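Report on one structure; see the data block that follows.
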Amino acid sequence: MPGFIGQSIQPYKATRFLTGSGVYVADIRLPNMAHAALVRSTHAHARIRGIDTSQALQLDGVLTVLTGEDIKGRISPFPESFEIHPTPWLEYVKPVLKGPHPTALAQGKVHYVGEPVAIVVAEDLYKAEDVVDAIAVDYEALPVVVDPEESLKPGATLIRGETARSCLLLAVQANGATILTVEGLASLAGGPQTLHPIQEGFLEKHGFQCGFCTPGFLMTIHELLNENSSPSKEDIRERLSGNLCRCTGYQNIVAAVLWAAERLRHLKGKRN
């Protein structure tokens, strides 16, 4: 490039930094401006049982305190990288590209130390930071996997309780997460020789497919039944819409899920 290669280039707008005139976000002051501070998770993996903000809201200078439940339905989850691609391209591949969408504030669970759990908005930054300590978060600690080799063992793919496709997931995205694969599903039912009710349902209703597609169906259904113990046929079809393979009868797969849901409810009733 003539004029650039081998030449000393004057830094763009460097004078302001050399004279101490640089302006950063923390330097900006606007009329009626409020300040925020975050309450962050102290756990790598935990269920959020509750967040008590009552004491914080009574302190002088506090404008509001918001949690993940407060912003649910009001602030959308962060998009995955593939969602920035052109819409025509997405129409063909988006059902396949299903993965966890992080939210601005944790909802239900935290997945790493430092994940934002709540936000304090106050009249000035110092008040906001002080109020963070007045917010009580009740956590139920959950197992974590910090060794990549341990994460590959059976029973050790659900990531953070959500289905994920390994071909679209970077290893760093699973850092600190509990990983459940189809090989470990039976361990939830008692051992490697014991089929999980979902696996039993696929046998009972002839819903199983090839060894390539079946694991994806099983783990997707496991996620669904953890969220909804009595799904309707419409709920099942909606959740399975991301699994495109239909080598066997689609109706048999739906029937297998309904069978498994009833079986799991029965087993839960016996335990209680």
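The values are calculated or read from the model by the stated rules, or taken from the named source; none is laboratory data. These numbers come from a predicted model, not from an experiment. Here the Cβ positions follow ideal geometry from the backbone for every residue, glycine too, while neighbour counts run over all protein chains shown.
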Would you mention how many residues in the stretch 47-72 are within 14 Å of ILE135 (Cα to Cα) and part of a strand (DSSP E or B)? 10
I'm trying to understand the selection: among the residues of the stretch 187-212, which are at pLDDT below 80, in a helix (DSSP H, G or I) and over 24 Å from the mean Cα position of the chain (by Cα)? ALA189
Within the stretch 213-248, how many residues turn out to be modelled with pLDDT of 80 or more, surrounded by fewer than 19 Cβ atoms within 10 Å (Cβ to Cβ), among the small types (Gly, Ala, Ser) and closer than 19 Å to LEU185 by Cβ? 1
Within the stretch 7-46, how many residues turn out to be over 19 Å from VAL121 (Cβ atoms) and assigned to a loop (DSSP other than H, G, I, E, B)? 19
Can you pull out the residues in the stretch 79-114 that are within 18 Å of ARG40 (Cα to Cα) and modelled with pLDDT under 85? PRO102, HIS111, TYR112
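Per-residue answers, yes or no, for (1) out of contact with any strand residue (DSSP E or B) (no Cβ under 9 Å at 6 or more places or on another chain); (2) under 27 Å from VAL144 (Cα atoms); (3) not hydroxyl-bearing (Ser, Thr, Tyr):
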{"site": "TYR24", "(1), (2), (3)": "yes, no, no"}
{"site": "ASP27", "(1), (2), (3)": "yes, no, yes"}
{"site": "ALA34", "(1), (2), (3)": "no, no, yes"}
{"site": "ALA56", "(1), (2), (3)": "no, no, yes"}
{"site": "THR67", "(1), (2), (3)": "no, yes, no"}
